[in-house]
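In what follows, a structure is listed as structure tokens, so that the remarks can point back to it.
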Amino acid sequence: MLREDIRTGALYAHADHRTRLSEACLLAGRHDEAAQHASQALAFARQYQERGSEAQALHQVGAVQAAAGPLACAQAAVHYQQALTLAEELGMRPLVAHCHRGLGLLAATLGQAERAHRALATAIALCQAMDMPFWLPQTEAALGQVQGRSW
């Protein structure tokens with residue numbers, strides 16, 4: 001399928017499909033596949049100058065790296081921040097909320113309570129403003145854990 005899409009030039013939304021495939025693999029615990037798909041999504045988005053897809057793929061690369069453990073947190077933060085910058089520029093508010101959430105969870109993992117609190121509080125405010133009922137309780141719970149820890 002990919003070979004045919006490349007041959008015919010029909011790669012519209014291919015980066016988005018790879019990003020979703022990466023998300024599914026990550027949820028299934030198939031980290032290596034998730035990383036491969038996220039990397040491919042980012043490459044396709046950049047190659048075809050799909051800036052919205054690039055922002056989504058950058059976020060997914062960050063999510064995959066965050067799931068890899070503490071050693072990859074710095075690189076995950078870089079990708080989340082790049083995704084955040086691009087999402088803000090493009091007005092992709094739900095993605096902005098997800099980026100703040102990811103950055104907050106990373107900061108919590110690294111023991112950076114103030115940074116974690118600030119990012120998670122921002123994500124919560126955005127989730128409330130956009131009525132994102134699925135993500136709001138999860139983000140509030142993460143903030144509660146940050147506040148309840150003794151650093």
> Among the residues of the range 44-70, how many are free of Cβ contacts under 8 Å to residues at least 12 places away in the same chain and at negative phi?
Replying inline: 2
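May I ask you to verify whether residue 55 is small (Gly, Ala, Ser), at pLDDT below 95 and within 28 Å of residue 131 (Cβ to Cβ)? Let's see the steps before the verdict.
Working: small (Gly, Ala, Ser): yes; at pLDDT below 95: no; within 28 Å of residue 131 (Cβ to Cβ): yes.
Criteria not met by residue 55.
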> Based on what the data block shows, is residue 145 more than 17 Å from residue 93 (Cα to Cα) and of a type outside the set (A, V, I, L, M, F, W, C)?
Replying inline: yes
> In this structure, does residue 40 turn out to be farther than 28 Å from residue 148 by Cα and surrounded by 15 or more Cβ atoms within 10 Å (Cβ to Cβ)?
Replying inline: yes
>> Filter the range 107-141 down to the residues that are touching a residue at least 24 places away in the same chain (Cβ under 8 Å) and either in contact with a Gly (Cβ under 7 Å, 6 or more places away or on another chain) or assigned to a loop (DSSP other than H, G, I, E, B) (or both) and list them by number.
In response: 110, 111, 116, 120, 123, 130, 132
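The values are calculated or read from the model by the stated rules, or taken from the named source; none is laboratory data. Fair warning: this is a prediction, and the values are worked out from it, not measured in the lab. Here the Cβ is made from the backbone with ideal geometry for all residues, glycine too, and neighbour counts use every protein chain on show.
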